[in-house]
Amino acid sequence: MIQLIRGFKDILPGEVELWQHIEKTAAGLFEQFGFQEIRLPIMEHTELFARSIGQDTDIVEKEMYTFPDRKGALVTLRPEATASVVRSYIQHKMYATDPVQKLYTIGPMFRRERPQKGRYRQFYQINAEVFGIDSPLIDAQLIFMLSALFTRLSILDTSVHINSLGCPACRPDFKKALSLFLADVKEKLCPDCIRRHGQNPLRVLDCKVPSCRESIVGAPSLGDFLCDHCRRHFATVTRSLEGLDVPFVIDGKLVRGLDYYSRTTFEVRTEALGAQNAVAGGGRYDGLVKALGGPDIPGIGFAIGFDRLTEVTGLKGKDFVKKPDVFVAALGEKSMALALEWVCALGLEGLVVEMGAGEKSLKSQMKRADRLGARHVLIVGEKELAEKTAILRNMATKVQSALPMDHIVKNVIENINSAHP
Ligand code: ATP
Ligand code: MG
């Protein structure tokens, strides 16, 4: 039997309802905050990711699904969404009408990592991105919106970790200090970090290897190196978050796995996930639009790990499965033809409908109606045909009413509504 590819997964009925619920909740919340949806291709020119994410990142070095298409051009299944959103923002000159654009997108990402709990090779993200706003107030609003989503999804044991990565004016000094520090602990670092630390010492702070994590404990903190502008920006973000009652932890060693971040950087973690404890990450990327060939317009955004969200929320897909309002149980060919008509008409009226699937007896149809959690069963057999009625049974109260077949759709809806006003 052919199985799915390792690290990929099916989202089955019974689970998918939770995914739908989360999608709807996120979209609804984001739209309240002025965001519009954007849908993007899952494949892009490799160069887009190589240039935006950065050459010596885990993603670009070893995780991308890159291959030549049939004519030889290198294409990549997107490992993250921000690069594509920025590409689209530039390509369609969205800034021409209004540099301020608030966009969200939901969809699959691909990274060839070691599959384990909370880490897949095709996983899903919910992204929100804001272009054209320099003010630190938008940083705070974005983090507020992110934590409001967790609250709406009943995910309570999360913590927001926040840091400033500085800007091209102040980061070089920090990099120098960090490089000096790392030179001293070099023999304790993993081979990747030894290779990278000269070129890009910030990467070492993001390394997940335990010995690297231990080695950086005494490393210099970004906060001590910020220029006045970055310091003020960060102070406004934290002050605004306090005003908005969003609890946060300042983490001087928080950097992100992507190269293009500047100033505000944040991550949401939860204790419920074990090793893969990041449920969302984001930050400012003020230089990215320009680096990818657009005008000098700032940006900020976040990505939520959708799969991990489904694992930490106490909500269950089964609780969102739609139950039939009416199950039509019919016996005999004539009745079954009527059942088909009724089910189609009731469905068009907006009810959730189901009918017998060819079961021989009324009993087995009632059993299936019960298993599906049907609220009402509409019964029609020889006797009802003769009397030109159908029996509507309320499955909760067990009350049965004989309804005339004439205008049956109207009769059923009236009966249901009078029972549940
Ligand atoms: P991690 O530290 O867990 O490797 P990351 O820094 O690589 O995460 P980002 O690129 O910031 O992650 O992506 C944002 C979010 O997407 C993460 O916080 C996480 O919840 C989720 N995510 C990242 N990689 C995976 C994966 N392979 N499988 C499932 N979710 C993932
Ligand atoms: Mg990662």
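The values are calculated or read from the model by the stated rules, or taken from the named source; none is laboratory data. These numbers were taken from a predicted model, which means no experiment stands behind them. Glycine gets a Cβ as well: all are built from the backbone with ideal geometry, and neighbour counts include every protein chain shown. Ligands, DNA and RNA are excluded from the accessible area calculation, which covers all protein heavy atoms including side chains. Shrake-Rupley method; radii C 1.70, N 1.55, O 1.52, S 1.80 Å.
Structure above, values below:
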item	result
Selection within the stretch 374-403 - within 14 Å of Leu338 (Cβ to Cβ) and open to solvent by 70 Å² or more (accessible area, probe 1.4 Å)	Glu382, Lys383, Ala386, Glu387, Lys388
Residues being within 11 Å of ligand 2 (Cβ to nearest atom) and among the hydrophobic types (A, V, I, L, M, F, W, C) - total across the stretch 119-131	1
From Ser364, Ser335, residue being polar (S, T, N, Q) and open to solvent by 20 Å² or more (accessible area, probe 1.4 Å)	Ser364
Residue count for the stretch 57-98, restricted to those that are part of a helix (DSSP H, G or I) and within 16 Å of ligand 2 (Cβ to nearest atom)	8
Residue check for Cys190: more than 28 Å from the chain's Cα centre (by Cα), within 16 Å of ligand 1 (Cβ to nearest atom) and either within 20 Å of Glu267 (Cβ to Cβ) or outside the structural domain of Glu267 (by TED's automatic domain parsing) (or both)	yes
Only listed residue being away from ligand 2 (no atom under 16 Å from the Cβ) and open to solvent by 30 Å² or more (accessible area, probe 1.4 Å), chosen from Gln20, Gln116	Gln20
Leading residue by the ranking (nearest to Pro172 (Cα to Cα)) among those in the stretch 200-219 that are in contact (Cβ under 8 Å) with a residue 12 or more places away in the chain and open to solvent by 30 Å² or more (accessible area, probe 1.4 Å)	Asp206
Residues within the stretch 154-191 that are free of Cβ contacts under 8 Å to residues at least 24 places away in the same chain and within 20 Å of Gly281 (Cβ to Cβ), tallied	1
Residue identified as under 23 Å from Ser135 (Cα atoms) and either free of Cβ contacts under 8 Å to residues at least 12 places away in the same chain or assigned to a loop (DSSP other than H, G, I, E, B) (or both) among Gly28, Gly34, Gly7	Gly34
When residues of the stretch 313-338 are limited to those that are of a type outside the set (A, V, I, L, M), touching a strand residue (DSSP E or B) at 6+ places or on another chain (Cβ under 8 Å) and outside any strand (DSSP E or B), the one farthest from Leu153 (Cα to Cα)	Ser335
Options Arg78, Arg39, Arg70, Arg51; residue that is exposed (fewer than 14 other Cβ atoms within 10 Å of the Cβ) and either within 14 Å of ligand 1 (Cβ to nearest atom) or touching a residue at least 60 places away in the same chain (Cβ under 8 Å) (or both)	Arg39
Condition broken by Ile2, with the remaining ones in (1) within 16 Å of ligand 2 (Cβ to nearest atom); (2) open to solvent by 30 Å² or more (accessible area, probe 1.4 Å); (3) not assigned by TED's automatic domain parsing to the domain that holds Phe123 satisfied	(1)
Test for Ala303: is it more than 16 Å from ligand 2 (Cβ to nearest atom), of a type in the set (Gly, Ala, Ser) and open to solvent by less than 60 Å² (accessible area, probe 1.4 Å)	no
Selection within the stretch 179-205 - in contact with a helix residue (DSSP H, G or I) (Cβ under 8 Å, 6 or more places away or on another chain) and under 22 Å from Phe225 (Cα atoms)	Leu182, Val185, Arg196, His197, Gly198, Pro201, Leu202, Arg203, Val204, Leu205
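Quick grid of which residues meet (1) modelled with pLDDT of 95 or more; (2) open to solvent by 10 Å² or more (accessible area, probe 1.4 Å); (3) farther than 30 Å from Gln141 by Cβ:
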{"site": "Gln276", "(1), (2), (3)": "no, yes, no"}
{"site": "Gly283", "(1), (2), (3)": "yes, no, no"}
{"site": "Val353", "(1), (2), (3)": "yes, yes, yes"}
{"site": "Leu372", "(1), (2), (3)": "yes, yes, yes"}
